[in-house]
Amino acid sequence: MLNKRMGCLEHPVRQEVYRWVCENPGAYFFEIANQLSIPTGTLAWHLRVLEAEGLLEKIKFGGRVIFYPKYLRDAKLEKALLLLRNKNARKIFDIIAANPGISQSDIVERFGLHHDTVRWHIKRMVKAGLVRVKREGRSSKYHLGEAGEAVVNNDIRKISPNFVQFLLDRLHGERLRPELKCLEGSTLVIKIKPVEPYEDERMLTIDLSKFSL
């Protein structure tokens, strides 16, 4: 378990890892290590602690283990966003967003992709809630689903009050007194105040304004 002398997000390196994953959900291990210049052994330890404390979750995707923050967004939405990392999936999603009610044949014609390729990507996006299908006679028309609407409306860059409360609850303890300093759209700032007066305060800042798929 955690060293009783230092809380989970009180550790400066661990806090930086958590912040970076919040701002770059779906990051894989070596990406985090390279971006933050952290030795792999050190990073592995901090990630294990963050997982054990329920702050991060890891899943396998595309042959890699990736990490994303818990409760920042709905878990289903986080996984749906991963699909849009694929170039063809993103093209298909964008054309559906720009042309609600488009048919699979029209998508194939515009991109020159094989029917099976388009069908495969659409099936995955429908399952993830990015796209929904509407039957019109014998044909299928495609529109954005709930998760898809969240993407185009930039809801994926908004920080919810529920996430803020989750973090405040996780930070509060015998040694720490967290204080919300700012919550404005895509930016969250929490002051982490140790109970002991001789210990330094820290600021946890999470900024989702530059998050992109």
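Key figures
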{"quantity": "Qualifying positions in the stretch 133-159 - in contact (Cβ under 8 Å) with a residue 40 or more places away in the chain and of a type in the set (Ser, Thr, Tyr)", "calculated": "142"}
{"quantity": "Residue selected from the stretch 93-109 under the condition assigned to a helix (DSSP H, G or I) and out of contact with any Leu (no Cβ under 8 Å at 6 or more places or on another chain), by the criterion farthest from residue 125 (Cα to Cα)", "calculated": "109"}
{"quantity": "Subset of the stretch 47-68 (residues that are surrounded by 15 or more Cβ atoms within 10 Å (Cβ to Cβ) and in contact (Cβ under 8 Å) with a residue 60 or more places away in the chain)", "calculated": "53, 55"}
{"quantity": "Matching entry among 51, 31, 16, 10 (being outside any helix (DSSP H, G or I) and farther than 18 Å from residue 129 by Cβ)", "calculated": "10"}
{"quantity": "In the stretch 115-167, the residues that are in a helix (DSSP H, G or I) and among the β-branched types (Val, Ile, Thr)", "calculated": "117, 118, 122, 126, 151, 152, 156, 164"}
{"quantity": "Number of the condition not met by residue 72 [criteria: (1) assigned to a helix (DSSP H, G or I); (2) farther than 30 Å from residue 134 by Cβ]", "calculated": "(1)"}
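Bear in mind that the values in this text are calculations on the coordinates, not laboratory data. If you're wondering where the values come from, they're calculated on a predicted model, not measured in any experiment. Glycine gets a Cβ as well: all are built from the backbone with ideal geometry, and neighbour counts include every protein chain shown.
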